[in-house]
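> Questions regarding the structure given below will be posed in turn.
The values are calculated or read from the model by the stated rules, or taken from the named source; none is laboratory data. Source: prediction; values computed, not measured. Because the Cβ atoms are built from the backbone with ideal geometry, glycine has one as well, and the counts that use them run over all protein chains shown. What goes into the accessible areas is simple: the full protein's heavy atoms, side chains included, and nothing from ligands, DNA or RNA. Shrake-Rupley method; radii C 1.70, N 1.55, O 1.52, S 1.80 Å.
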Amino acid sequence: MFKKIFLSYLSIMILVMTALSFVISSLAESYVYREKRSLLQNVADRAKRAAGSYAAGDINRDELGAIIDSMAYITDAKIYVVTSDIAENIDLGSELAGEYLKDAMSTVLSGGSVFQRRQYAGFGAQMLFLAEPWRAGGSIRGAVLLFSPEEDIAAVIGGIQLAVFLSAAAAALIGGVVIFLFSRRIVRPIKAMGEASSMMARGERVDDIGITTRDELGGLARSFNSMKHKIEANEALRQELIANISHDLRTPLTNINGYLSGMADGVIKEQDYPKYLGILKGETKRLMDLTGGILEAAKIRSGSIELSRETFALRETADAAAKANAELSKKNGVHISISVDYALTVHADRKKIEQVLYNLINNAVKYTPRGGLVIVSAVNTDKGSEVIVKDSGCGIDEKDLPNIFDRFYRSGSKDGFGLGLNIVNTYVEAHGGSVDITSGPEGTSVRFVLP
Ligand code: ADP
């Protein structure tokens, strides 16, 4: 990628530089030519006026010669003033005679002017040639011819071109270095993220990507880092979960195995069977609850929650959820009070709402000390049916509250799997509702609204 970016930028820059150099040089060249032409034009105009004065008898031939010579000297050009009678057969030295000069003369004598760049054999160099008619008394009396070597212009243009190309080369060199650094800067975070991904794939520890720019790459690095944290957190959670599940499955399984072995070996007497069968039933129920919760969470995770809505009295569902917790509440010495009007109905998935209420009452009973109270109440508001499960329990640590609805998140207790509240939240949200929790030393209150 570095090579691609670097070479693309470099070739674009070289192309632009070359095009720019050509444009600047040709602009400079045409400017120099224009200037030279206007200088020659100026000289030609003066020569024409001098020739006019000579024809009018204001100056004599020598004076005309002197004027023309001084102009020729200053401008480094050859200047000829010819009269029309000799113009047709002009012979400025045999080397100058040629068809082109004859052509130019006929144009000039019929009132036109000629400007040419060409090789004049007689001067042995590339020349600029300007020919214009001169007049006296309103009629064309002859021609003024100027020959100026291109040499000096070529030197000026050559100098300009050299300067332009040298500047372009210097700019390309500096630009090349800048592009090199720039390309490296672009590629560096991508490379770092690529390496970090490979390391993560190999299960190695990876540090955060240290890119803090505010552009898209910075955004990518931030997303990468947050993805990495999430994966790490998930991995830690997974490890912890495996450890917990193994532990939680092991305890009831060991008990079941112990009691069954006792029964098989005759260590447990037959008359004690009913008692131990009750314990075995309790242990298998615990196993079923555990696996049920894990399955439920897996189902939720795969996004397959289907609601089958019906209209039902919330009171009946709350009673059923309380009844399912009756045994535990009796054992824990916690009283459950339901204060929901029999007339209050909701349009929802009855089984899921019962599960929600069961989980909330179960938590409340689990985390409330003996002699405590759990109250389930519900009212209709303009947002929907608002249900509150409140207990006089130990409360939840403030630092745990923000994550309490996360899957497998547990606060102080290691009793459950950290799935209960996650299931509550997911089910209520699936109904379009919301859950919030407030907790303090005087107890916990979970409120959910069903629209
Ligand atoms: P679990 O199945 O472990 O109870 P939950 O998701 O239901 O999982 O609850 C997460 C954590 O929140 C629990 O570990 C418990 O510490 C805390 N918690 C939940 N409800 C209550 C409550 N009513 N009173 C005190 N703590 C609670």
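> Contact list please: Cβ distance under 7 Å, first residue in the stretch 272-284 and open to solvent by less than 60 Å² (accessible area, probe 1.4 Å), second residue assigned to a helix (DSSP H, G or I) and hydroxyl-bearing (S, T, Y), pairs at least six apart or on different chains.
Short answer, once both residue conditions are applied: Y276/Y259; I279/Y259; L280/Y259.
> If I go through the stretch 390-404 residue by residue, how many of them are more than 7 Å from the ligand (Cβ to nearest atom), surrounded by 18 or more Cβ atoms within 10 Å (Cβ to Cβ) and farther than 21 Å from D341 by Cβ?
Filtering the stretch 390-404 down to residues more than 7 Å from the ligand (Cβ to nearest atom) leaves 390, 392, 397-399, 401-403.
Checking the rest, the ones that are also surrounded by 18 or more Cβ atoms within 10 Å (Cβ to Cβ) come to 390, 392.
Restricting the remaining residues to those that are farther than 21 Å from D341 by Cβ gives 392.
Result for the stretch 390-404: 1.
> Has the stretch 193-200 got any residue that is assigned to a helix (DSSP H, G or I), open to solvent by 80 Å² or more (accessible area, probe 1.4 Å) and free of Cβ contacts under 8 Å to residues at least 12 places away in the same chain?
Yes: the stretch 193-200 contains one or more residues that are assigned to a helix (DSSP H, G or I), open to solvent by 80 Å² or more (accessible area, probe 1.4 Å) and free of Cβ contacts under 8 Å to residues at least 12 places away in the same chain.
> Pull up the stretch 406-451, narrow it to residues that are within 12 Å of the ligand (Cβ to nearest atom) and at positive phi, then point me to the one that is surrounded by the fewest Cβ atoms within 10 Å (Cβ to Cβ). Talk me through it step by step, then tell me what you get.
Keep residues of the stretch 406-451 that are within 12 Å of the ligand (Cβ to nearest atom), which gives 406-426, 435, 437-446.
Next, only the ones that are at positive phi stay: 408, 418, 443.
Details: F408: 18, G418: 24, G443: 21.
Residue satisfying both the conditions and the ranking: F408.
> Show the residue pairs that are 6+ apart or on different chains and have beta-carbon atoms under 8 Å apart, the first residue being within the stretch 412-441 and over 18 Å from E296 (Cβ atoms), the second being more than 9 Å from the ligand (Cβ to nearest atom) and part of a loop (DSSP other than H, G, I, E, B).
Once the first residue is over 18 Å from E296 (Cβ atoms) and sits in the stretch 412-441, its partners that are more than 9 Å from the ligand (Cβ to nearest atom) and part of a loop (DSSP other than H, G, I, E, B) give G432/P451; G433/P451.
> Inside the stretch 415-432, can you point out the residues that are part of a helix (DSSP H, G or I) and of a type outside the set (F, W, Y)?
Matches in the stretch 415-432: G420, L421, N422, I423, V424, N425, T426, V428, E429, A430.
> Follow-up question, since we're still on this one. Return the residue satisfying two criteria in turn: it lies in the stretch 296-334 and is more than 23 Å from V374 (Cα to Cα) and among the basic types (K, R), and of such residues it is modelled with the lowest pLDDT.
This residue is R301.
> Within the stretch 98-165, considering only strands (runs of 3 or more DSSP E) that don't extend past its boundaries, which have at least 2 residues that are modelled with pLDDT of 90 or more and open to solvent by less than 40 Å² (accessible area, probe 1.4 Å)?
It comes to 125-136, 139-149.
> Looking at the stretch 52-83 only, could you name the residues that are under 24 Å from R37 (Cα atoms), assigned to a helix (DSSP H, G or I) and in contact (Cβ under 8 Å) with a residue 24 or more places away in the chain?
G52, M71, T75
> Next question. Return a yes/no flag: does the stretch 7-18 have any residue that is in contact with an Asp or Glu (Cβ under 7 Å, 6 or more places away or on another chain), open to solvent by less than 70 Å² (accessible area, probe 1.4 Å) and at pLDDT 90 or above.
Scanning the stretch 7-18, I find no residue that is in contact with an Asp or Glu (Cβ under 7 Å, 6 or more places away or on another chain), open to solvent by less than 70 Å² (accessible area, probe 1.4 Å) and at pLDDT 90 or above, so the answer is no.
> So, one more: Hey, among V387, V379, which residue is more than 8 Å from the ligand (Cβ to nearest atom) and open to solvent by less than 30 Å² (accessible area, probe 1.4 Å)?
Working: V379 fails: open to solvent by less than 30 Å² (accessible area, probe 1.4 Å).
After ruling out the rest, the residue left standing is V387.
> Could you list, in sequence order, the residues of the stretch 61-91 that are open to solvent by 80 Å² or more (accessible area, probe 1.4 Å) and farther than 19 Å from T107 by Cβ?
R61, D62, E63, D69, Y73, I74, D76, K78
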